[in-house]
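Structure, as structure tokens:
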Amino acid sequence: MALKLMDPINTMPFFQANQVLTYNHLNELASYLYQQERYTRNKLIGSGIVCALTFSWKPIAAGNAEVLIDDGCAVTSAGYLIVFKQPVDTAGVLIPYTHRRNFTRLKDFEPFKTVVGAGNPAIYELITKDVFDSETSPTKAILTDANKTNRVLILLYDIEALNIAKCLDESCDDKGKIYQYTPRPLLVPIAVIDDILNAPDTQPFFTEPGRSAKAKQSLLFETDYLYLKNLFKAANLMNVSTQAQLVDLFKAPCLDPELAIMSTTINNLVAKFPWIFDTQFNCMKIEVPALAGQNLGSFLQSQSQAFRNNAANNIYMQYLYDFLRDVVDAYNELYAAVSDLVGECGGNEFIHPFHVMLGRPTTNDTLSCYHEVKYNETNFKYRHYFVPSPVMDGQFMLYEKTQSLFKRLIRIIANFSAPAANDIIIKVTPSKDYDRSLGDRAIPYFYLQAAIENIRRVWNYDATRRNKISRIKGYKLPFSQDQLLEEDTSKNDFYRIEGHIGSNPINVKAAIDTLRTTYNLPFSVTAISIQPDTKTVNCSYTDLDEEYNYYRDRVLGYLKEIQRWLAFVEPIFTGSGGSPETKKFFQDFKMGIDTMAKLLKEIRCINKFPYDKFKIAYLLIWEAFLELYANGLKSNTTNATQAFNIVLTILNLIFFAPIYKIWYFFQYRLALLKQTETSSLKLLAGKTTGLEHLAGVRRGETFLLVTDTGTNTVVADFNMPDLLGCSCDCKTAPCDGKNLALVSPLEKPIIMVVDYNYKTEKALIKQKAFFDPLKKEYVLELDDMGFYKGDTRIDIKVKVVDEKGTPFNDLQVTWQSDKLVMEYFINENPNKDGIFKLFYELTGDFEEKIVEGIIFLVIIGRVAGAKMEEFNVPVEGRVKPFYPYDKEALKKTKPEMKFEGDFRTRVVGGERVKVYTTPTGNEFGIYKDKSGLSYIKVINAKTPGVEEIPFILEAGGTSSRNSVYVNVIDKKDKLRTDTLTGVITDDQGQPLRDVKLTTSTEKEAVTDERGQYKISGLRAGEVITVERKGYKRTVLQVNSRTNPEVKLQKAPLIDIKGLEDVKLFGNIGSFAEGIDFNALKNFIR
């Protein structure tokens, strides 16, 4: 038998020249080398099944069975390497084990030598059919499925010493031996295996608690994680309306039954792994004398009970909950580390020195396929999983980490305490959320100041081993508020907020708000009372009520006319000449109209608008027309479709434009109201989800201070994922009272734009007035105002006045057919230019006596008649005066013109003129002709190129900006080629595609995806305009010095500079103030 590991060989033979060697010398060398190899496996690698060696037990015909074992390897506890291969035939096909024979030599191997004894139980060796056929032993038999009952499959490393005879020419020595190593699959009674696994500590193969199979057994079936109950269910929070009830809420996980569970769970883990915890626990008794005579779980229980039962701690009861959450997290991290800590320093060589267990044939873990149910089975102990040495897989570091985590658990239990009297400075500490490990988070402030450094040293194992505990932060650590927040906090998703419990809520909120604004912290803070809320809010909206009533009356006008028409045509539809289809249509349609009219007559308040009933009536009308449409398709498709579309448009106008929108906007406002402040915790819990106490706040969420109005102190805090919502009672005021809104429901005005630049019949633009050349006037027709004309006898009069009530005769408003028509007569009076706020009144057959509205009349183009043009100027040449506006249109107003930008006034030709000098040195002046009209004239043109001359034109109290392009041409310049090729980019140098280039002779080119262009047939002095939507227009001249590479600058969305001198007339400025454009945009959507 081979040498035991317990007898180490400390000498190795060393041979010299001419030395006579004996068999002892050679055997000593072989033993030393083999011993070293086994030591290497046992001490530096580990023991157990390294890979594969799973098996399948397959029942076959006639109650028999066959077994296949995956090829694999294992290391025994004595360091022997077992390499197994399933037998194969000559074609490489696996040969299963289908037979068995008795194996009687198992009792020669440790530890079976002790447990098998004289009983000599039957041990079955699995063999293949070919071995069976050659076997002469009478104990051989076919393998049956019953043979697996109460047995464990092991792989024995059979070591046999075989005699050999080595013969030479002159002599024959038969004294030599050879060791043969054979892995044999054996079925061993489970009772034998249990005797080994459960051996007492008097046996050399005793398995220490917490190691090998016992460790697996403990982790899977005898220990567990800890958890805290969910305190913050809506039902729990809704029952809290006093401080005493709040204290009881936080005490819930700290009651004796819950503490007993925590105590038992902690004690159980410590007891199951004495080799990990016993030494460390005894060492900690010196630091924490209170541990003497009691276990850690009992110590936690007594600490928590003492804090809980002290009435002085009631205001800090939330911190007992926080502390227990820390204990749970610390324990769970310790438990996870213990689960991974499977390494042993050498282990016990006698546990399985010559075998490894493969498992029971009945377990799910013997299959090659993964089956998760195997983790529910106790059969785990019948398979030798690999146990690495401490040097493998970081096991030594894990052992050290486990010791550190255990020490941390002891220290936080020993040093939990209520905040001291001087812990009233409010601090915000950057931390991590609760999904991160405890060591990644900041240290809370409910630990004793005297022990805070000891806690920090074991708070984060990785930081400790890297000597970086100075990076760990906490309330009681030596950090000022500046130092706590001096680093980049973008990676902190949580902020601890401490030092506020028991203080005045106003002061606390102000202090936290100051820290938020000072350090730009990404959360909000608000306060809420623990006492019941009696707050009510007025939820009436007078402006919406007025607008609803306005359009309600409009719709009632429609319905009234429809009811008149129905009464007139009823004999036609229901008489003898009517078909069943038309009779049904008439009945359904009339029912829907009557129902809708009745609903609107009864409801004058938007908050009482019966949306569901109104929708049913609307659908009844729509479905009636849909059926009629379906029948109409049988006779005339075109007419039926046209009629259906017309009716559908009218119905949508009634339903969606705009009553439904007003109702929807009312609902939207109510939703916004729910985002106003709520002052009751109880009510808030009933309407909000995600409310929980975290002793801080998550990034982007709300820190909620819970206050007691009786003591005027902060008694708790919560984290809330959203802004607070309104859960107060909503009281509405009468919508038909006398307190009318100041803003008219028709504040959305009619806008009529008169543009003097467009005097052609085709210049029709929506919401602008088109020019009628026959009448010489601008006309705006409004056929979508919602006014229904059902009878030509309705007499409607329209009156238009200005803000002073004076009739505005230049604008005539009339009711023509079913349209509101506005006509503006051309007026050359300069005082009539600008923007005018006007009011109109309609008097006619409406339920209201007078319908009022607003008109904004905008007159443009009289002054802003200047156009962007260019004119050619030869170098050193003279040109005629240039008027960059319509002389005839403005000859009576005599506009003033000045250069925009730097210019100077100097004497030119005996006349003082305004002179503008371009960047290239060309000079231009502004002169006046005999009639007093301003014009531009070239003073000095030396440098060829295109010059932009910006100017301002003022007349009649209004002004406009514009530019004129002057093309200074050198007639002597000669082009080297008539083709221009180049690239156009943006201001960042990126190529621009779809840029349009147009020459003054109407040649065009467009850039490709690389920004390239090509224009041919060019002449010197020709002008090229470069344009692309979203970019400023660029103009360049074709000459011998032209740079073909062009950069375009992005154009601003709004030309602020172009608006500087725009003057608003009347009260248009005050009208635009206070408009919420975001709300307007959302409402339009």
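No lab work stands behind these numbers, since they all come straight from the coordinates. Fair warning: this is a prediction, and the values are worked out from it, not measured in the lab. Note that each Cβ is placed from the backbone with ideal geometry, even for glycine, and that neighbours are counted across all protein chains shown.
List the pairs from K590/K797; K584/K615; K971/K1029 whose alpha-carbon separation is above 23 Å, in the order I gave them. Could you put the intermediate results ahead of the total?
Working: K590/K797 32 Å; K584/K615 20 Å; K971/K1029 33 Å.
Beyond 23 Å between Cα atoms: K590/K797; K971/K1029.
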- Quick one: check the C-alpha center-to-center distance for the range 312-341 versus the range 563-624, whole angstrom. 69
- FRET efficiency estimate (nearest 0.05) - Cβ-Cβ, S503 to A312, R0 25 angstrom: 0.90
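Using r as the Cβ-Cβ distance of M397 and R471, and R0 as 22 Å, what FRET efficiency do you calculate, to the nearest 0.05? Walk me through the numbers before you get to the answer.
Numbers: r = 20 Å, r/R0 = 0.89.
According to the calculation, E is roughly 0.65.
May I ask for the Kirkwood hydrodynamic radius of the range 420-499, worked out over all distinct Cα pairs and given in angstroms to one decimal?
Working: mean 1/r = 0.0769 Å⁻¹.
Taking every pair of different Cα atoms in the range 420-499, averaging 1/r and inverting gives 13.0 Å.
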- Item | Sequence ranges 243-254, 406-417, ranked by mean other-Cβ count within 10 angstrom, highest first | 406-417, 243-254
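Normalised by the residues of the range 420-499, what does the relative contact order come to in percent, with Cα pairs under 8 Å and at least six apart?
Working: 97 pairs, mean separation 40.7, N = 80.
Relative contact order comes out at 51 percent.
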- Grab the Cα-Cα distance for T981 and E1002, subtract it from 0.36 nm times how many residues apart they are, and report the gain in nm with one decimal. 5.8 nm
- Item | Length gained when the stretch T362-K613 is fully extended (0.36 nm per residue, less Cα-Cα span) | 83.5 nm
- Message: Multiplying the sequence separation of I45 and A290 by 0.36 nm and subtracting their Cα-Cα distance, what value in nm do you get?
- Response: 84.1 nm
- Message: Can you give me the distance in nm between label points at E900 and L21, each placed 7 Å from the Cα along the Cα-to-Cβ direction?
- Response: 10.7
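Please report S389, S298 as a ranked list, fewest other C-beta atoms within 10 angstrom at the top and most at the bottom. Please report the intermediate quantities before stating the final value.
Values: S389 21, S298 17.
Result, fewest neighbours first: S298, S389.
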- Message: Quick check on packing: order 150-160, 287-297 by the mean number of other C-beta atoms within 10 Å, highest mean leading.
- Response: 150-160, 287-297
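Using per-residue counts of other Cβ atoms within 10 Å, averaged over each peptide, order 326-338, 230-242, 474-486 from highest down. Before the final figure, lay out each step's value.
On the way: 326-338: 20.5, 230-242: 14.5, 474-486: 16.6.
So the order, starting with the most tightly packed, is 326-338, 474-486, 230-242.
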